[in-house]
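Colleague: Take a look at the following structure, please.
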Amino acid sequence: MPKSIKFKTNWDYSPAPESTSHIRLKKKYELFINGKFILPIENKYFETINPANEEVIAEVALASKKDIDKAVQSAKNAYEKVWSKISPQEKGKYIFRIARMIQERAREFAVVESLNGGKPIRESRDIDIPLAANHFFYYAGWADKLKYAFPNKSPKSIGVCGQIIPWNFPLLMAAWKIAPALACGNTVVLKPAETTPLTAMLLAEIIQESELPDGVVNIVNGGGETGAEIVKHKNVDKIAFTGSTEVGKIIQTIIADTNKKLTLELGGKAAQIVFDDAPIDQAVEGIINGIFFNQGHVCCAGSRLYVQESIYEIFIRKLIDRMETLIVGNPLDKNTDIGAINSKPQLDKINYYLKIGQTEGAEIFQTNCAIPKKGYWCKPTLFLHTSQSHRIIQEEIFGPVLAVQTFRTIDEAIEKANNTPYGLSAGIWTDKGSKIFHLAKKLRAGVIWANTFNKFDPSSPFGGYKESGFGREGGIHGLTSYLNL
Amino acid sequence: MKRLEVLKTYKLFINGEFPRTESGRYLQLKNKSGKLIANISSASRKDFRNSVVAARNAFDNWSNRTPFNRGQIIYRIAEMLEGRKSQFVEEIMSLGISKHTALKEIDNAIDFTIYIAGWCDKYQQIISSVNPVSTSHFNFSFAEPMGVVGIISDNNSPFGFLRLMLSVIAGGNCAIVVANEKYPNVAISFSEVLQTSDLPKGVVNILTAKKNELPQHIATHLDVNAIVIATNNDKELSEIKRSSSVNVKRVISVSETELNILSPDLILSTQEIKTTWHPIGI
C-alpha cells in the first residue's frame with residue numbers, strides 16, 4: 001500500500017461563520033391557509049430545533065384533521081372561483097414574482113435552511129436556494145405555453161394538489177412541487193416535513209407579499225398523521241409525494257379506490273461505477289460529492305461504489321485521503337463540508353445501519369475528524385469488503401455512509417448496479433465515450449450522471465425507475481404530472 | 001360421406017411455445033346455442049409466473065432491437081394477420097358475432113397494427129429532449145421501456161387485447177396478456193400469428209384464464225413493472241392498484257374511448273424518462 005498523507009497537522013481553518021443577524025424569524029408560526037396565518041383549531045404546537053445544537057428555534061402550529069379540511073376547502077374555492085379564471089399569462093406573472101422575491105431574500109433563506117436542517121451554508125447558499133428560485137422562474141414561463149408542450153392535446157389543470165415533501169431539501173422540494181402545480185393551473189396544499197418547517201413558512205410570507213390570490217397555496221405543518229389527512233381528503237385531486245419508499249407504497253394503497261393522480265419520488269441506492277480508465281482524482285471528487293453532499297441525506301446519493309479491481313487499491317487510498325480532509329461541524333461555517341444529521345431519529349437510523357454493516361462482516365472506516373459535543377453528527381464513513389446481499393448494499397441509509405465493492409467486467413458492474421429494488425440514479429466514471437453510452441442505456445435508473453454527480457436543474461427531468469417512484473419533476477416532462485391530457 | 005372436421009386444441013402461448021396449462025384445468029367455450037366450441041386452457045398462477053420469466057428473459061433482446069427492426073416485426077404481424085383473415089372471421093363468428101362485425105374487427109386490427117408499426121421509430125423524437133441546463137453540461141432525456149408489463153383486457157372487443165399489447169411492445173416492453181374470457185380462441189389463434197412474425201420468443205405471452213383469477217397475481221408479482229388494464233369494473237381496478245403498491249408498480253388504466261382512437265399515448269405511457277448528464281469542457 002502506498003504511503004498515506006498525514007493530516008494530523010496544525011493547519012486548522014479559522015472559523016468563517018455566516019452571520020445570522022439579518023434573519024427575521026418569529027417565535028411562533030401559524031398555519032398558512034387562505035392567504036392568512038391562522039391559529040390551529042386544536043391549538044397544538046410543536047417545537048422545531050437546530051440539529052447542530054439541539055436548541056429550539058421556534059414553535060410551529062400542528063395541523064389537525066379540521067385544519068386540513070379548511071386548507072383543502074380554501075384550495076378548492078381558490079381553484080374554482082379565482083385561479084381558474086385568471087389568464088395563463090397572469091398566472092405566470094405571479095410565479096415570476098415569487099421567484100424574484102426568493103432571490104431577493106436568498107441569503108436569509110439560506111441561513112434559515114442551514115439553521116433548521118443542519119446542512120452546510122455553502123450548500124444552502126449555492127445550491128438549494130438558487131435552484132428553488134430558478135425552479136419558480138422556469139415554470140412561470142410555462143404557464144401560458146402549455147399547448148406548445150403537448151401538440152394535438154388540450155392540456156387541462158387537475159384541481160387541488162396535495163403535496164408532501166421531505167426534510168432533506170425543504171425549500172427546494174417546496175419549489176419543485178408548487179411551481180409546476182401553479183403553472184399548470186392547479187392550487188396547492190403543501191405539507192413540509194416535520195423537522196424542517198421554517199423556510200416553507202418564509203415562503204408563505206413571500207406568497208402573501210406576492211399578492212398571489214388567497215388560497216391558491218396553503219401551507220400546513222405536522223407529521224405523518226397530518227400528511228395522511230391530506231392524502232385521504234376527498235377534495236384533493238392529485239397527490240405528489242417525495243419521501244421514503246415505505247410511505248410511498250402506503251400512499252399508493254390509500255388512494256387505490258379513488259381517481260386521484262399520483263406522482264412518487266422515493267428512495268434510492270445509487271451505484272457509482274468507476275472504471276480503470278477514469279480520471280482518478282476527478283472520480284474521487286465525484287464519489288465524495290455523491291455521498292457526502294448534504295450529509296448523504298439525498299435520495300439520489302451515490303451510496304454504493306463499484307471500483308474496477310485493477311485500480312481498487314490506489315482509488316481507495318485516494319478516497320480515504322480525501323475523506324480525511326472533510327470538515328464536519330457548524331453548518332453555518334463556510335468551511336464546513338458536512339453539517340449536522342437532520343434529526344435524532346435519522347441519526348439513530350444511520351447508527352443502526354453502521355452496526356448492521358459490521359455485524360454482516362463488512363469492514364468499517366471512519367475519518368479522524370472532530371465532531372461537536374452537542375447536536376447530531378456522523379463522521380464520513382466507508383464500508384469495505386461488502387457483498388451484494390448485505391443490507392447496507394440493498395437498503396437506503398440516507399446518511400454519509402458509502403459501501404464499496406469491486407468488479408472485473410462491465411457486465412458484472414451492470415448486473416450489480418441494477419441489483420436493488422431502487423432505480424433513481426447512477427454514476428459512471430470513464431474516459432471512454434462509447435462505454436458511457438453503453439452503460440447509460442443499461443443502467444435502470446432515471447438519472448444518469450456521467451463523469452459528474454448530484455447535478456440538478458429546473459429544465460432537467462428528475463425521477464426514478466422501479467421502487468424509486470414514478471412521474472418526473474423538472475423540465476417539459478415535469479408538466480405531465482400536473483395536467484390532464 | 002361428409003368429412004369429419006379436425007378440431008384445434010387451444011393451448012397457452014408462453015415463451016414462443018404452446019404449452020397446456022400446468023394445472024390441467026380447462027374452461028368450456030360455448031356458442032350462443034350452448035354447443036361446445038373448444039376446451040380452453042385455464043391458466044394458473046404458475047403459468048403466469050412462467051410467463052414473467054419468459055418475458056424478463058426476452059426483455060434485453062427486444063428492448064435492444066433497433067426501433068426500425070421492431071417496426072418491421074410489427075408490420076410483419078399485420079401481414080400474417082391479413083393472410084389469415086378468413087380464419088379470424090370464422091373464429092369471431094363462431095362466438096355468435098355477425099360476419100359484418102367480424103370483418104370490421106379484423107380489418108381494424110390489421111390497420112391498427114400498421115399504424116403502431118409506423119410509430120416504433122418515431123415516438124422517441126416526440127418525447128425526448130435536450131435540456132438547456134444552466135451549468136456546463138450536456139443534458140438529454142429520452143424514453144425507455146418500463147420492462148415487463150401485464151395486460152388485462154376486459155373490454156368488449158375480440159381484438160381489444162391487441163390494441164393494448166401492440167402499443168406496449170412497440171416501445172420495447174415485454175408483455176403478458178390475460179385474454180378476455182369471452183374471446184379466448186381469438187387470442188390464442190393470434191399467438192400463432194405472433195409465432196410466425198419473427199417476434200422473439202417471450203416478448204408476448206398470452207394466457208387464457210378464468211376471469212379474476214390472474215389479476216391479483218399480476219399485481220403482486222415483484223418482477224412485473226407495470227399493468228395496463230382496460231376495464232369498466234372500478235372495484236377490480238382499485239384492487240389492482242392497491243396490490244400494485246408492493247413494488248411501486250405503474251398502473252395504466254385505458255378507457256374504451258382511448259382504446260379506440262389512433263394515438264401513441266399508450267406507447268408513451270409505458271415508457272420511463274431517463275436523463276443523462278455529462279460535463280462539457282476540454
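Colleague: Taking the mean number of other Cβ atoms within 10 Å as a proxy for protection, how do you rank A:38-46, B:141-149 from highest to lowest?
Modeller: Working: A:38-46: 14.3, B:141-149: 23.1.
Final packing ranking: B:141-149, A:38-46.
Colleague: Using Cα pairs under 8 angstrom and six or more residues apart, how large is the relative contact order of chain B, in percent? Spell out each step's value before the answer.
Modeller: Values: 538 pairs, mean separation 68.8, N = 282.
For chain B, the relative contact order is 24 percent.
Colleague: Highest mean first, how do A:21-32, A:314-325 rank when packing is the count of other Cβ atoms within 10 Å averaged over residues?
Modeller: Working: A:21-32: 15.2, A:314-325: 18.3.
Ranking, from highest mean packing down: A:314-325, A:21-32.
Colleague: A follow-up question, please. Could you sort the peptides A:360-371, A:253-264, A:281-292 by per-residue average Cβ neighbour count (10 Å cutoff), highest mean leading? Write out the running numbers ahead of the final one.
Modeller: Details: A:360-371: 14.7, A:253-264: 18.3, A:281-292: 21.6.
Taking the mean over residues of other Cβ atoms within 10 Å, the ranking is A:281-292, A:253-264, A:360-371.
Colleague: Something else: Where in region A:125-212 are there GluC sites (Glu not before Pro) that are in a DSSP coil and have at most 11 other Cβ atoms within 10 angstrom of their Cβ?
Modeller: Details: sites: A:GLU194, A:GLU205, A:GLU209, A:GLU211; in loops: A:GLU194, A:GLU211.
Answer in residue order: A:GLU211.
Colleague: Two decimals is fine: what's Rg over Rh for region A:375-485, C-alpha atoms, Kirkwood radius as Rh? Mind dumping the intermediate values first?
Modeller: Values: Rg = 16.0 Å, Rh = 15.9 Å.
Rg divided by Rh gives 1.01.
Colleague: Then there is this: Using the crude model of +1 on Lys and Arg Cβ and -1 on Asp and Glu Cβ, and no other charge, please compute the dipole size for region B:195-246 relative to its Cα centre, in debye to 20. Please list the in-between numbers first.
Modeller: Details: 6 positive and 6 negative charges, 21 e Å.
Roughly 100 debye, rounded to the nearest 20.
Colleague: Let me ask something else. How big is the equivalent ellipsoid of the protein assembly as shown along its three axes, where each semi-axis is √(5λ) from the Cα gyration tensor, reported in whole Å from largest to smallest? Spell out each step's value before the answer.
Modeller: Values: eigenvalues 480, 202, 97 Å².
After scaling each eigenvalue by five and taking roots: 49, 32, 22 Å.
Colleague: Would you mind giving the three semi-axes, in whole Å and largest first, of the ellipsoid equivalent to region A:199-280 according to its Cα gyration tensor? Don't jump to the answer; show the numbers that get you there.
Modeller: Numbers: eigenvalues 217, 100, 26 Å².
They are 33, 22, 11 Å, listed from largest to smallest.
Colleague: Averaged over all directions, how much area does the convex hull of the C-alpha atoms of region B:44-179 cover when projected, in nm²?
Modeller: 10.6
Colleague: Between 0 and 90 degrees, rounded to the nearest ten: what's the tilt of helix A:88-104 against the longest Cα principal axis of chain A?
Modeller: Taking Cα atoms only, the helix is inclined about 50 degrees.
Colleague: Within 10 Å of each Cβ in peptide B:233-246, how many partner chain Cβ atoms are there on average? Round it to a whole number, please. Spell out each step's value before the answer.
Modeller: Numbers: counts 0, 2, 1, 0, 3, 4, 2, 1, 7, 6, 3, 4, 10, 4.
Across the residues of B:233-246, the mean count of other-chain Cβ atoms within 10 Å is 3.
Colleague: Which of B:ILE126, B:ILE74, B:ILE252 moves most in a GNM of chain B, Cα contacts under 10 Å?
Modeller: Between B:ILE126, B:ILE74, B:ILE252, it is B:ILE126 that shows the largest mean-square fluctuation.
Colleague: Give the value in nm², to one decimal: projected area of the alpha carbon convex hull of region A:419-464, averaged over all directions.
Modeller: Details: hull surface 13.9 nm².
Result: 3.5 nm².
Colleague: Still on this model: Please give the average number of partner chain Cβ atoms lying within 10 Å of the Cβ of each residue in A:463-470, rounded to a whole number.
Modeller: Values: counts 4, 2, 8, 9, 5, 1, 1, 8.
Going residue by residue through A:463-470 and averaging, the value is 5.
Colleague: Oh, and also: Rg (Å, one decimal) plus Dmax (Å, integer) for the alpha carbons of region A:221-349?
Modeller: Final numbers for Rg and Dmax: 19.7, 58 Å.
Colleague: Quick one: grab the alpha carbon gyration tensor of region A:1-136, order the square roots of its eigenvalues as a ≥ b ≥ c, and give me rounded if a/c is under 1.5, else prolate or oblate depending on whether a/b is larger than b/c. Can you show the working numbers first?
Modeller: On the way: a/c = 2.84, a/b = 1.74, b/c = 1.63.
Prolate shape, in that a/c is at least 1.5 and a/b is the bigger ratio.
Colleague: For each pair in B:LYS99/B:LYS122; B:LYS2/B:LYS211; A:LYS156/A:LYS269; A:LYS334/A:LYS373; A:LYS249/A:LYS432, compute the distance between the two Cα atoms and list the pairs where it is over 27 Å. Please report the intermediate quantities before stating the final value.
Modeller: Details: B:LYS99/B:LYS122 35 Å; B:LYS2/B:LYS211 38 Å; A:LYS156/A:LYS269 35 Å; A:LYS334/A:LYS373 20 Å; A:LYS249/A:LYS432 39 Å.
The answer is B:LYS99/B:LYS122; B:LYS2/B:LYS211; A:LYS156/A:LYS269; A:LYS249/A:LYS432.
Colleague: With respect to the cross-link table entries A:LYS66/A:LYS238; A:LYS177/A:LYS349; A:LYS374/B:LYS274, which display a Cα-Cα separation exceeding 31 Å? If you can, show how the numbers build up before the last one.
Modeller: Working: A:LYS66/A:LYS238 20 Å; A:LYS177/A:LYS349 27 Å; A:LYS374/B:LYS274 42 Å.
The answer is A:LYS374/B:LYS274.
Colleague: What is the dipole size for chain A, taken about its Cα centre, with +1 at each Lys and Arg Cβ and -1 at each Asp and Glu Cβ, in debye to the nearest 20?
Modeller: On the way: 59 positive and 52 negative charges, 200 e Å.
Dipole size: approximately 960 debye.
Colleague: Counting only heavy atoms of protein chains, what accessible area per residue, in Å², does region A:146-230 have with a probe of 1.4 Å?
Modeller: Values: 2080 Å² over 85 residues.
Each residue of region A:146-230 exposes 24 Å² on average to a 1.4 Å probe.
Colleague: Taking +1 at the Cβ of each Lys and Arg and -1 at the Cβ of each Asp and Glu, which of A:GLY215, B:LEU207, A:GLN295 sits farthest along the dipole of the protein assembly as shown towards its positive end, judged by Cα position relative to the Cα centre?
Modeller: Comparing the listed Cα positions along the dipole, B:LEU207 ranks first.
Colleague: Find how many whole Å separate the alpha carbon centroid of region A:163-235 from the alpha carbon centroid of region A:271-303.
Modeller: Distance between centres, Cα-based: 31 Å.
Colleague: If you roll a 1.4 Å probe over the heavy atoms of the protein chains, what accessible area per residue do you get for region B:133-257, in Å²?
Modeller: Numbers: 3500 Å² over 125 residues.
Accessible area per residue, region B:133-257: 28 Å².
Colleague: Per residue and in Å³, how big is the convex hull formed by the alpha-carbon atoms of chain B?
Modeller: Values: hull volume 41.1 nm³, N = 282.
So the per-residue hull volume is 146 Å³.
Colleague: Could you work out the Rg to Rh ratio of region A:273-396, with Rh taken as the Kirkwood radius (inverse of the mean 1/r over all Cα pairs)? Intermediate results must be reported in sequence, preceding the final value.
Modeller: Details: Rg = 14.5 Å, Rh = 15.3 Å.
Expressed as Rg/Rh, it is 0.95.
Colleague: With axes computed from alpha carbons, what is the tilt in degrees of helix A:106-117 against the longest principal axis of chain A, rounded to the nearest 10 within 0 to 90?
Modeller: That helix lies at roughly 70 degrees to the long axis.
Colleague: If you rank A:HIS233, B:HIS217, A:HIS438, A:HIS385 by how much accessible surface each has, with a 1.4 Å probe, what is the order from largest down?
Modeller: On the way: A:HIS233 20, B:HIS217 50, A:HIS438 75, A:HIS385 115 Å².
Per-residue accessible area, sorted high to low, gives A:HIS385, A:HIS438, B:HIS217, A:HIS233.
Colleague: Another one. Suppose each label sits 7 Å from its Cα in the direction of the beta carbon; what would the B:PHE18-B:HIS100 distance come out to in nanometres?
Modeller: 3.3
Colleague: What whole number of Å gives the distance from the Cα centroid of region B:206-233 to the Cα centroid of region B:145-179?
Modeller: Centre-to-centre (Cα) distance: 11 Å.
Colleague: Suppose we compare each residue of region A:251-278 in its chain alone and in the full protein complex with a 1.4 Å probe; which ones drop by at least 20 Å² of accessible area?
Modeller: At a threshold of 20 Å² (probe 1.4 Å), the residues of region A:251-278 that become less exposed are A:GLN252, A:THR253, A:ALA256, A:ASP257.
Colleague: List the GluC sites (Glu not before Pro) within region B:215-282 that fall in a DSSP loop (any state other than H, G, I, E or B) and whose Cβ has at most 13 other Cβ atoms within 10 Å. Please list the in-between numbers first.
Modeller: Numbers: sites: B:GLU236, B:GLU239, B:GLU256, B:GLU258, B:GLU272; in loops: none.
Sparse-neighbourhood loop GluC sites (Glu not before Pro): none present.
Colleague: Provide Rg over Rh for region B:187-282; use the alpha carbon set for both Rg and the Kirkwood Rh (inverse mean inverse pair distance).
Modeller: Details: Rg = 17.3 Å, Rh = 16.2 Å.
Here Rg/Rh amounts to 1.07.
Colleague: Can you give the longest run of chain B that contains no trypsin sites (Lys or Arg not before Pro) sitting in a DSSP loop with at most 11 other Cβ atoms inside 10 Å? Show your work: numbers first, answer last.
Modeller: Values: sites that count: B:LYS2, B:ARG3, B:LYS32, B:LYS35.
Of all site-free stretches, the longest is B:36-282.
Colleague: Determine the per residue accessible area of region A:278-357 with all protein chains present and a 1.4 angstrom probe, expressed in square angstrom.
Modeller: Values: 2400 Å² over 80 residues.
Ligands and nucleic acids excluded, the result is 30 Å² per residue.
Colleague: Given the -39500 (n - 2.57) contribution per DSSP H run of 4+ residues, what per-residue ellipticity at 222 nm results for chain B, rounded to the nearest 500 deg cm²/dmol? Let's see the in-between values first.
Modeller: Working: 11 runs with 122 residues, N = 282.
Value at 222 nm, helices only: -13000 deg cm²/dmol.
Colleague: Mind checking A:475-483 for the average number of partner chain beta-carbons within 10 Å of each residue's beta-carbon?
Modeller: Values: counts 8, 5, 8, 1, 0, 4, 0, 0, 0.
Taking the mean over all residues of the peptide, I get 3.
Colleague: Probe radius 1.4 Å, ligands and nucleic acids left out: can you give me the accessible area buried at the B-A interface, summed over both chains, in Å² to the nearest hundred? Each step should come with its number before you reach the end.
Modeller: Working: alone 13900 and 19810 Å², together 30600 Å².
In total, chains B and A hide about 3100 Å² from solvent.
Colleague: Just the number, please: carbon plus sulfur as a percent of the accessible area of the protein assembly as shown, 1.4 Å probe, no ligands or DNA/RNA counted.
Modeller: On the way: 16030 of 30600 Å².
Reported share for carbon and sulfur atoms: 52 percent.
Colleague: Run through region B:1-100 and list the GluC sites (Glu not before Pro) located in a DSSP loop whose Cβ has at most 12 other Cβ atoms within 10 Å. Please list the in-between numbers first.
Modeller: Numbers: sites: B:GLU5, B:GLU17, B:GLU22, B:GLU79, B:GLU82, B:GLU90, B:GLU91; in loops: B:GLU5, B:GLU22.
Filter output for region B:1-100: B:GLU5.
Colleague: Okay, next question. Put A:LYS416, A:LYS344, A:LYS373 in order of accessible area, largest first, 1.4 Å probe: what do you get? Walk me through the intermediate numbers first.
Modeller: Numbers: A:LYS416 45, A:LYS344 100, A:LYS373 200 Å².
Ranked list, largest accessible area first: A:LYS373, A:LYS344, A:LYS416.
Colleague: First obtain the Kirkwood hydrodynamic radius of region A:322-391 from its Cα pairs, then insert it into the Stokes-Einstein equation at 25 °C and 0.890 mPa s, and state the resulting D in µm² per second as a whole number. Provide the component values of the computation, followed by the final result.
Modeller: Numbers: Rh = 13.2 Å.
Approximately 186 µm²/s, per Stokes-Einstein.
The values are calculated or read from the model by the stated rules, or taken from the named source; none is laboratory data. The shown structure was predicted, so the numbers you read here are calculated from the model rather than taken from an experiment. Virtual Cβ from ideal backbone geometry, glycine too; neighbours counted across all protein chains shown. Accessible surface is based on the protein model in full, side chains and every heavy atom, while ligands, DNA and RNA are left aside. Shrake-Rupley method; radii C 1.70, N 1.55, O 1.52, S 1.80 Å.
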